1. Go through segment 218-244 and report how many residues are under 20 Å from residue 106 (Cα atoms) and of a type in the set (A, V, I, L, M, F, W, C).
2. Return yes when residue 322 is buried (at least 18 other Cβ atoms within 10 Å of the Cβ) and on the phi > 0 side of the Ramachandran plot and no when it is not.
3. Would you point out which residue out of 53, 89 is crowded, with 19+ Cβ neighbours inside 10 Å, in contact with a Lys or Arg (Cβ under 7 Å, 6 or more places away or on another chain) and closer than 28 Å to residue 207 by Cα?
4. Name every residue in segment 142-174 that is among the hydroxyl-bearing types (Ser, Thr, Tyr) and over 22 Å from residue 194 (Cα atoms), in order of residue number.
5. Does residue 354 satisfy being surrounded by fewer than 15 Cβ atoms within 10 Å (Cβ to Cβ) and either free of Cβ contacts under 8 Å to residues at least 40 places away in the same chain or not assigned by TED's automatic domain parsing to the domain that holds residue 59 (or both)?
6. Does residue 71 satisfy being in a helix (DSSP H, G or I) and in contact with a strand residue (DSSP E or B) (Cβ under 7 Å, 6 or more places away or on another chain)?
Amino acid sequence: MGAQRYIGVAERRARLALRQRLAGRARAGTPEEVAGSLVALHGTDPATVYLAVGARLADPARTVEETERALYEDRRLVRMHGMRHTVFVFPGDLTAVVHASTGLAVAARERASLLKHMAASGAPDAAWLKEVEDAALAALARRGQATAAELARDEPRLREQFVYAAGKSYEGVHTVSTRLLRVLGVEGKVVRGRPLGSWTSSRFRWALAPEHPELDTAGAQAELLRRWLAACGPATEADLKWWTGWRVTEVRRALAAIGAEAVSLDEGTGYVTEGDADPVAGPEEPWAALLPGLDPTAMGWQQRDWYLAPELRPRLFDGSGNVGPTVWWNGRVVGGWAQRPDGEIVWRILDMEGVGRDALAAIESEAERLSGWLGTTRITPRFRTPLEKELAAG
């Protein structure tokens, strides 16, 4: 067996620029192309989906219209629970893969947790919950799309409440509809539909999930890992375990199943898909990008030193590890940005290394590009970070 090929930081950044659709000539034509290239768009903050797409489109003018079309009309993009119980937007042809590879295990834990909490508070049993579930799904089938409140008009038992963690400092009251719909989401029975309001709204309707085949878990894990490595490789076992939420034994089984090739990285052994270890040339021109909070590129790897200096993290992340809006120059994070109440896009460089006049001009051009398609829309990230709050306040 020959020595592992070394892939350095410069090449990793080149791969990121091209495969994450960030370099100018690598930008995509449609939201579907963006999602297909990235495998998954973070969907916890609804605005992230549109901002991540717009940053990667060659012509972002119709970002909102085209993304809404793909999500709610053509259904070529689906918002659903995925890895680590996080809400993502996936290409439609990946929903069965995500469900089998990650959703089933998460769903089993979520249903068991709900039943445990209900039993501890003296709430009805599993048979009662199954009756409510069946009635809610039947109501959703009749309505097409509905909010939890609308479903509760058809099935009043969804309004019932139970006490969570009684006697604890974090005790709270949960409504059956809130917890049950979340369980049904991770079980792949329902998905998020159109929001109530604009594309930035966090209040969603629910819809029945599109039908998909039931896949073998191991095969689905191999397919998901193959697609992700093609977009994000090289990556370490730690990166893969973190992104998928799988056990390390599952990661290793999937790596073996796809014939992944080991390469040498600064942080140790990494992996690429079979045949992808050859050198990759970078984009012909330097590039800048303004990416949103929770962007899939900024959140793509657990080990991030090769594109994000550790000293920048306290300003760019919140206390739970969520990244805020970031400014990129040639494959690394160099600062952050925000939108002020009057709509102005403002940004600040935190790391001036290699950032000269050309870089500043390119970053300003990206800010103008973003401002142009946002128009009168105002964006406040769901997870606010120190630098974003400071810039937004003026």
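The values are calculated or read from the model by the stated rules, or taken from the named source; none is laboratory data. Quick caveat: nothing in here was measured; it's all calculated off a predicted structure. For neighbour counting, all protein chains shown are included, and Cβ atoms are generated from backbone atoms with ideal geometry for every residue, glycine included.
1. Count: 10.
2. Answer is no for this residue.
3. Matching residue, one of 53, 89: 89.
4. The answer is 164, 169, 170.
5. Against the criterion (surrounded by fewer than 15 Cβ atoms within 10 Å (Cβ to Cβ) and either free of Cβ contacts under 8 Å to residues at least 40 places away in the same chain or not assigned by TED's automatic domain parsing to the domain that holds residue 59 (or both)), residue 354 qualifies.
6. Yes.
Here's the yes/no breakdown for (1) in contact with a Phe, Trp or Tyr (Cβ under 8 Å, 6 or more places away or on another chain); (2) touching a residue at least 24 places away in the same chain (Cβ under 8 Å):
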site: 215; (1), (2): no, yes
site: 232; (1), (2): yes, yes
site: 253; (1), (2): no, yes
site: 269; (1), (2): no, yes
site: 277; (1), (2): no, yes
site: 303; (1), (2): no, yes
site: 310; (1), (2): no, no
site: 313; (1), (2): no, no
site: 317; (1), (2): no, yes
